[in-house]
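Visitor: My structure is below; once you've seen it, I'll send some questions.
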């Protein structure tokens, strides 16, 4: 997260960009203490769910911070992701013959909005990739990743819809793919896509302009 903040800072040289994780004790409180008045809080999550709607909102209650929509529902994300995937396919010479896309997401057994965010993202992506079949596989709810991956061909690009490189990405997803005998191309989590720092910077800049104009 700190590295991502540094990359975002390069696009906003005049801004004060800090990072904090909810898992680190007091990290968010320290970041808010060091921030100026009415800071913008950009949730680096790939879906709107319990973490953004309950955990983060609760932590910000009583502060003057303004919470922005989560990264995963940014309106420009499908378009930029589609372009990134097409460039990836071009490098593997799959563009001419076609490819399938498998989106690996967290999902939730208790919070329906998490999966709905993923479904909406997939629908937005399909508008930019109308010729590419798109499948969904979740870790914590049906359709489960291992089951979906088992029906994918060799010309399939696996894209993890995750905002970090934690246990789900390094262990759970590979285990599911290996169990399915998945032979497609495995990409790094979407947060590592090269367009991400600029996208976040633009979102912050846009939110700041709207706040100043209000």
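Visitor: So, residue 92, is that one touching a strand residue (DSSP E or B) at 6+ places or on another chain (Cβ under 7 Å), modelled with pLDDT under 95 and in the same structural domain as residue 174 (by TED's automatic domain parsing) or not? Walk me through it before giving the result.
Guide: Details: touching a strand residue (DSSP E or B) at 6+ places or on another chain (Cβ under 7 Å): yes; modelled with pLDDT under 95: yes; in the same structural domain as residue 174 (by TED's automatic domain parsing): yes.
Criteria met by residue 92.
Visitor: I'd like to know if region 10-28 contains one or more residues that are in contact with a strand residue (DSSP E or B) (Cβ under 8 Å, 6 or more places away or on another chain), in a helix (DSSP H, G or I) and free of Cβ contacts under 8 Å to residues at least 40 places away in the same chain.
Guide: Step one: of region 10-28, the residues in contact with a strand residue (DSSP E or B) (Cβ under 8 Å, 6 or more places away or on another chain) are none.
Checked region 10-28: no residue is in contact with a strand residue (DSSP E or B) (Cβ under 8 Å, 6 or more places away or on another chain), in a helix (DSSP H, G or I) and free of Cβ contacts under 8 Å to residues at least 40 places away in the same chain.
Listed here are the residues, each with its yes/no results for (1) crowded, with 16+ Cβ neighbours inside 10 Å; (2) touching a residue at least 40 places away in the same chain (Cβ under 8 Å); (3) in a loop (DSSP other than H, G, I, E, B).
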| site | (1), (2), (3) |
| --- | --- |
| 36 | no, no, yes |
| 44 | yes, yes, yes |
| 48 | yes, yes, yes |
| 51 | yes, no, no |
| 56 | yes, no, no |
| 62 | no, no, yes |
| 69 | no, no, yes |
| 78 | yes, yes, no |
| 81 | yes, yes, no |
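Conditions tested, residue by residue: (1) closer than 16 Å to residue 71 by Cα; (2) at pLDDT 95 or above; (3) in the same structural domain as residue 18 (by TED's automatic domain parsing).
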site	(1), (2), (3)
151	no, yes, no
158	no, yes, no
164	yes, no, no
167	no, no, no
181	no, yes, no
187	no, yes, no
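Visitor: Tell me which helices (runs of 4 or more DSSP H) are completely within region 104-214 and hold 2 or more residues being surrounded by fewer than 17 Cβ atoms within 10 Å (Cβ to Cβ), or say none if there are none.
Guide: Working: elements: 112-128, 145-149, 173-180, 196-213.
Counting at least 2 such residues, we get 112-128, 173-180, 196-213.
Visitor: Quick one: which residue in 65, 122 is closer than 19 Å to residue 203 by Cα and touching a strand residue (DSSP E or B) at 6+ places or on another chain (Cβ under 6 Å)? Full working, then the answer.
Guide: Values: 122 fails: closer than 19 Å to residue 203 by Cα.
That would be 65, the only listed residue that is closer than 19 Å to residue 203 by Cα and touching a strand residue (DSSP E or B) at 6+ places or on another chain (Cβ under 6 Å).
The values are calculated or read from the model by the stated rules, or taken from the named source; none is laboratory data. Here the structure is a predicted model, which is why all the values come from computation and not from measurement. Methodologically, a virtual Cβ is constructed for each residue, glycine included, from the backbone with ideal geometry; neighbour enumeration extends over all protein chains shown.
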